[in-house]
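What follows is calculated from the coordinates using simple rules that are stated; it is not laboratory data. Source: prediction; values computed, not measured. Glycine also receives a Cβ, built like all others from the backbone with ideal geometry; neighbour counts cover every protein chain displayed.
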Amino acid sequence: MDKLYDITALGELLIDFAMNGQSEQGNNLFEACPGGAPCNVLAMLNKLGRKTAFIGKVGADQFGRLLKDTISEVGIHAEGLCMDEEIPTTLAFVHTFPDGDREFSFYRKPGADMMLDEKDVNDDIIRNSKVFHFGTLSMTGEPARTATKKALEIAKEAGCLITFDPNLRPPLWKTLDEAKEQMEYGFGYCDVLKISDNEIQFVSGMEDYDDGIRYLQEKYNIPLIFLTMGKDGSRAYYKDLRVERAGFPVKAIETTGAGDTFCGCAIHGVLKYGLSDLDEEKLGEILSYANAGAALITLKKGAIRSMPDPEQIDELLRERGV
């Protein structure tokens, strides 16, 4: 049966305030960049020609309206986005270090994204999707945690391929033990996992990435795991295969959204080839493509409106002889 959407994502939609120079008075200037990992992933998939839908909640305020307009403009189906009349839209201020890395200050105690209730979850959108994607920020507290778990049950029952990016943000958890517990809940559901180098060390307690991934494979039997290692590139673990591809060195302005861009490109590759018959060549192609996409987004601020075009990704791959 043909599904209406290639991928539906559930989770946070917020404003990332990125540093953008100083005023004449010497005050820091911030640019209001629409963001939130699940929608960043969808924005990349949209650029790649995929049909996408989002389920989440924003405040009925100027930022919430900006976010709804933004995702609609980039082509993400927004019927599953609810507006909260009382709780404001979540905000994140991004402080960028000279090497392009960053840290976040969140204004989310609570934020509207945490208020997604299970009755807000549009079952039909999920059932009409080939892939369901989620992270852990919608599991930091109630009622969004219960809503996420309900959505996962619907996705499983509907036969969706389930993709998961834990996207660990320590300041948003009451304790790191709770973060680990919810990450492990996600591992139990997903068919495809995208995890970063620091996250695999955190959740497995192992220094060596391969050891950490092996622990996850043995415990949770996840068919396909993508490991991102920042500028060092990425790896894919599938059955007995371990494939690695180098990153693309660029002069990064800001790394916000790089992991999400990688994730969107990787999911696109899985949709293209399926999950049952991957080999080293296909996995290598997916990794190189996703690495190139992730490198390109670090040249711009923000994420949803900054996703690279497929032509730019192809050009970077040609330039580097990949």
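Relative to one another, the C-alpha centroids of the stretch 1-35 and the stretch 52-109 are positioned 6 Å apart. Toward the positive end of the charge dipole of the chain, with +1 on the Cβ of Lys and Arg and -1 on the Cβ of Asp and Glu, the farthest Cα among Ala179, Gly35, Gly49 is that of Gly49. Each of Thr261, Thr96, Thr140, Thr163 was scored by other Cβ atoms within 10 Å of its Cβ. Listed from fewest to most, they are Thr96, Thr140, Thr163, Thr261.
With neighbour counts taken as other beta-carbon atoms within 10 Å, the residues Val192, Val94 rank, fewest first, as Val94, Val192.
Sorting check: for 194-203, 71-80, which peptide has the highest mean count of neighbouring beta carbons within 10 Å, and how do the rest follow? Show your work: numbers first, answer last.
Numbers: 194-203: 20.6, 71-80: 18.5.
So the order, starting with the most tightly packed, is 194-203, 71-80.
Here each label is just a point 7 Å from Cα along the line to Cβ, and for Tyr220 and Glu311 those points are 3.9 nm apart. Which distance in Å, rounded to a whole number, links the C-alpha centroids of the stretch 167-208 and the stretch 281-312? Here the two parts' Cα centres lie 24 Å apart. Of Glu24, Glu280, Glu184, the residue with the greatest mean-square motion in the GNM of the chain, using alpha carbon springs below 10 Å, is Glu24. Residue separation of Ala246 and Lys109 scaled by 0.36 nm, minus their Cα-Cα distance, works out to 45.4 nm of gained length. Within the stretch 124-251, antiparallel bridges make up roughly 50 percent of the DSSP beta bridges whose residues both belong there.
Looking at the chain, the DSSP beta bridges with both ends there are about 45 percent antiparallel. Here the spin labels are modelled as points 7 Å beyond Cα on the Cα-Cβ line, and at Asn27 and Glu184 they lie 4.8 nm apart. Here the chain is assigned +1 on the Cβ of each Lys and Arg and -1 on the Cβ of each Asp and Glu. Its dipole about the Cα centre then comes out at about 280 debye. An oblate overall shape is assigned to the stretch 21-119, the ratio a/c of its alpha-carbon gyration tensor axes (a ≥ b ≥ c) being 1.5 or greater and a/b not exceeding b/c. Which label belongs to the value computed from this structure, given these candidates for Rg and Dmax of the Cα atoms in Å: [x] 19.3, 61; [y] 25.4, 90; [z] 18.4, 60? Working out Rg and Dmax of the Cα atoms in Å from the coordinates points to [z].
Note on the chain: dipole from Cβ charges, positive end direction compared against Ile225, Ile7, Gly205; the farthest Cα belongs to Ile7.
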